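Participant: Supplied in structure tokens, the structure appears directly below.
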Amino acid sequence: MTLFKLLSALLEYPDEAMVQALPELMTLIGEDPSINPDERKALSTFMGWLADTGLTEVQARYVRTFDMTPEHALHLTHHLFGDDRNRGPALIDLGEYYKSYGLEQGTNELPDYLPLVLEFASMLDAVEAQVFLDPFAKVIAQLGANLGAAESPWAPLVQLIGGYARLVPTTYVPAAQAITDSVCDDNECEAPVTWGAATPPAVQPMAAAR
């Protein structure tokens, strides 16, 4: 899906290449019929903010948001398991799931890094992507709520993912509630994260992160 590919790129650490690509991305979202009006508005608003804000300021805010604020972390299993021993096997399983589709990571990021998760999801059809993202649905909803409460410009991007991640409609967890509280209780977490089996499509290896 084009939307997931765009979100993957825009949730990466911002650099000069991202800023230079904005005109091309703006043209893409205006012409792609798979992107609905609400999605187009959210993407355009974010890219307008990115274009109008100095790159150094954007980079500093990105670091404060995602690297220095645990409840905003882009590593999804961190929110599911924290330091629980089950996180390691979940990461291994996710990495192996990528490999089952013929994908080799061209990045040093952990496989649960949201931009990487979205890059993989963009290579699947709509149903496969929903099945794949469903185990992360609660975390993605909470992450979007936390970013929204912080009035982060990245909040609408994460919130766009929510509607594609949940197989069964659900309500958001209140923003004030910690992510780990919604999925773990005294280090006893919900059932292990699993990813649905599907016929691997013909796809290319993931490109290295910028």
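The values are calculated or read from the model by the stated rules, or taken from the named source; none is laboratory data. Everything numeric in this text was worked out from a predicted model, so none of it was measured. No Cβ is skipped: glycine too gets one built from the backbone with ideal geometry, and neighbour counts run over all protein chains shown. For accessibility, only protein heavy atoms count, side chains too; no ligands or nucleic acids. Shrake-Rupley method; radii C 1.70, N 1.55, O 1.52, S 1.80 Å.
Participant: Which residues, taken from the stretch 46-55, are under 20 Å from the mean Cα position of the chain (by Cα) and surrounded by 13 or more Cβ atoms within 10 Å (Cβ to Cβ)?
Facilitator: Answer for the stretch 46-55, where residues must be under 20 Å from the mean Cα position of the chain (by Cα) and surrounded by 13 or more Cβ atoms within 10 Å (Cβ to Cβ): 46, 47, 50.
Participant: If you don't mind, there's one more thing I want to ask. For the stretch 67-84, state whether one or more residues are outside any loop (DSSP other than H, G, I, E, B), without any contact (Cβ under 8 Å) to a residue 12 or more places away in the chain, surrounded by fewer than 19 Cβ atoms within 10 Å (Cβ to Cβ) and among the aliphatic types (A, V, I, L, M).
Facilitator: No, the stretch 67-84 contains no residue that is outside any loop (DSSP other than H, G, I, E, B), without any contact (Cβ under 8 Å) to a residue 12 or more places away in the chain, surrounded by fewer than 19 Cβ atoms within 10 Å (Cβ to Cβ) and among the aliphatic types (A, V, I, L, M).
Participant: Does residue 58 count as open to solvent by 10 Å² or more (accessible area, probe 1.4 Å), hydrophobic (A, V, I, L, M, F, W, C) and farther than 23 Å from residue 130 by Cβ?
Facilitator: No; evaluated as a whole, the condition is false for this residue.
Participant: Mind listing just one residue for me: the one in the stretch 80-117 that is within 19 Å of residue 5 (Cβ to Cβ) and of a type in the set (Val, Ile, Thr) and, of those, modelled with the highest pLDDT?
Facilitator: For the stretch 80-117, the residue satisfying everything is 117.
Participant: Continuing with this model, one more query. Hey, could you check the stretch 5-50 for residues that are acidic (Asp, Glu) and touching a helix residue (DSSP H, G or I) at 6+ places or on another chain (Cβ under 7 Å) and say which is farthest from residue 154 (Cα to Cα)?
Facilitator: Here the residue is 32.
Participant: Within the group 15, 52, which residue is touching a residue at least 12 places away in the same chain (Cβ under 8 Å), among the acidic types (Asp, Glu) and either touching a Ser or Thr at 6+ places or on another chain (Cβ under 6 Å) or more than 21 Å from residue 142 (Cβ to Cβ) (or both)?
Facilitator: 15 is the lone residue from the list that is touching a residue at least 12 places away in the same chain (Cβ under 8 Å), among the acidic types (Asp, Glu) and either touching a Ser or Thr at 6+ places or on another chain (Cβ under 6 Å) or more than 21 Å from residue 142 (Cβ to Cβ) (or both).
Participant: Among what's in the stretch 99-134 and is without any contact (Cβ under 8 Å) to a residue 24 or more places away in the chain and assigned to a helix (DSSP H, G or I), pick the residue that is nearest to the chain's Cα centre (by Cα).
Facilitator: Applying the filter and picking the extreme gives 127.
Participant: Can I ask one more? In this structure, is residue 64 of a type in the set (D, E, K, R), in a helix (DSSP H, G or I), open to solvent by 50 Å² or more (accessible area, probe 1.4 Å) and within 15 Å of residue 160 (Cα to Cα)?
Facilitator: For residue 64, the condition - of a type in the set (D, E, K, R), in a helix (DSSP H, G or I), open to solvent by 50 Å² or more (accessible area, probe 1.4 Å) and within 15 Å of residue 160 (Cα to Cα) - is not met.
Participant: Also, I was wondering about something else. Which members of the stretch 110-154 meet the condition of being more than 19 Å from residue 70 (Cα to Cα) and among the small types (Gly, Ala, Ser)?
Facilitator: 121, 122, 126, 129
Participant: Okay, next question. Among the residues of the stretch 138-158, count how many are at pLDDT 95 or above, open to solvent by 30 Å² or more (accessible area, probe 1.4 Å) and closer than 21 Å to residue 8 by Cβ.
Facilitator: Residues in the stretch 138-158 being at pLDDT 95 or above, open to solvent by 30 Å² or more (accessible area, probe 1.4 Å) and closer than 21 Å to residue 8 by Cβ: 2 in total.
Participant: I would also like to ask the following. Hey, among the residues in the stretch 22-45 that are of a type in the set (Gly, Ala, Ser) and at pLDDT 95 or above, which one's least open to solvent (accessible area, probe 1.4 Å)?
Facilitator: 42
Participant: When residue 125 is evaluated against the numbered criteria (1) at pLDDT 85 or above; (2) within 20 Å of residue 36 (Cα to Cα); (3) touching a helix residue (DSSP H, G or I) at 6+ places or on another chain (Cβ under 9 Å); (4) surrounded by fewer than 21 Cβ atoms within 10 Å (Cβ to Cβ), which criterion, by number, is the only one it fails?
Facilitator: The single condition residue 125 does not satisfy is (3).
Participant: Restricting attention to the stretch 64-73, does a residue exist that is among the aliphatic types (A, V, I, L, M) and within 23 Å of residue 129 (Cα to Cα)?
Facilitator: Yes, the stretch 64-73 contains at least one residue that is among the aliphatic types (A, V, I, L, M) and within 23 Å of residue 129 (Cα to Cα).
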